[in-house]
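Enquirer: First the structure, which I've put down as structure tokens, then a few questions once you've had a look.
The values are calculated or read from the model by the stated rules, or taken from the named source; none is laboratory data. As the structure is a prediction and not an experimental result, all values here were calculated from the model. Please note: Cβ atoms are built from the backbone with ideal geometry, for glycine as well, and neighbour counts cover all protein chains shown.
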């Protein structure tokens, strides 16, 4: 009888241990699942938002992010991949090197741009969702997939033209900020609602001998819906454009007075050929002082270091 009682107590203890273990495992599972859920819910893990950001400094250089829907620049592109794969971008998205994205120093995040490889004519639309590159001789840093489609992955760099897709970028910004994008002509105007004009009416007395005519029935006009905002661009299509000859220069500065530009040209003449290019910027005549042309990206990088070293710290590479 004592053995039976002892066995019964042993079985009860064993059941209690199993129950406690199961409970502990359940609590551990719930806690782990909660932590995983909280990690997924953190801003920037699963998706990103709209961001411009204030001025910032990298390696002694100040950058000034801004809304710029007329952005159009030529220069040198680079690309980045596995080292940053899976990390958050500057606007909180997760960088995926196999998607068509890029990093830019000042454009709003995100924005859509067209990138043209000036060396082979390949052109694609991509989304800018990160900050960089911070080497002053590069204007955009592409994801690996973008570099592949542009035919520059193996080479590492390419001469490119980067132009913002204004309508699509405005619409994207409006959507991420919870605003309505209404197209007026080809320019989306971001408003909460369209204003309505005040209309008043007044009945006038009939002239002597006149009779009132029966007004014909007119079907009331339906309210015209606002034009749809610009749709997202096709990010997977490669276009082939004609290839034109290009030249690489190092621009030492841009001046409103020719005499100032000529002084800089004289100071830099020992470095090699220096040219002054007159350009029109926002309706004002400007004179750009450029060293070159260079025969390669490597030569341009080397010359840029020289020009910066002699005191022209705002110098950068341009492609004509």
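Enquirer: Of the conditions (1) crowded, with 17+ Cβ neighbours inside 10 Å; (2) under 30 Å from residue 295 (Cα atoms); (3) over 14 Å from the mean Cα position of the chain (by Cα), residue 151 clears all except one; give me its number.
Expert: Against the list (1) crowded, with 17+ Cβ neighbours inside 10 Å; (2) under 30 Å from residue 295 (Cα atoms); (3) over 14 Å from the mean Cα position of the chain (by Cα), residue 151 comes up short only on (1).
Enquirer: From (1) buried (at least 21 other Cβ atoms within 10 Å of the Cβ); (2) at pLDDT 95 or above, pick out the condition that doesn't hold for residue 188.
Expert: Failed condition: (2).
Enquirer: For residue 278, work out the one condition from (1) surrounded by 17 or more Cβ atoms within 10 Å (Cβ to Cβ); (2) over 11 Å from residue 253 (Cα atoms) it doesn't fulfil.
Expert: Every listed condition holds for residue 278 apart from (1).
Enquirer: Condition first: at pLDDT below 75 and touching a strand residue (DSSP E or B) at 6+ places or on another chain (Cβ under 7 Å). Can you find one or more residues in the stretch 233-241 that meet it?
Expert: No, because not a single residue in the stretch 233-241 is at pLDDT below 75 and touching a strand residue (DSSP E or B) at 6+ places or on another chain (Cβ under 7 Å).
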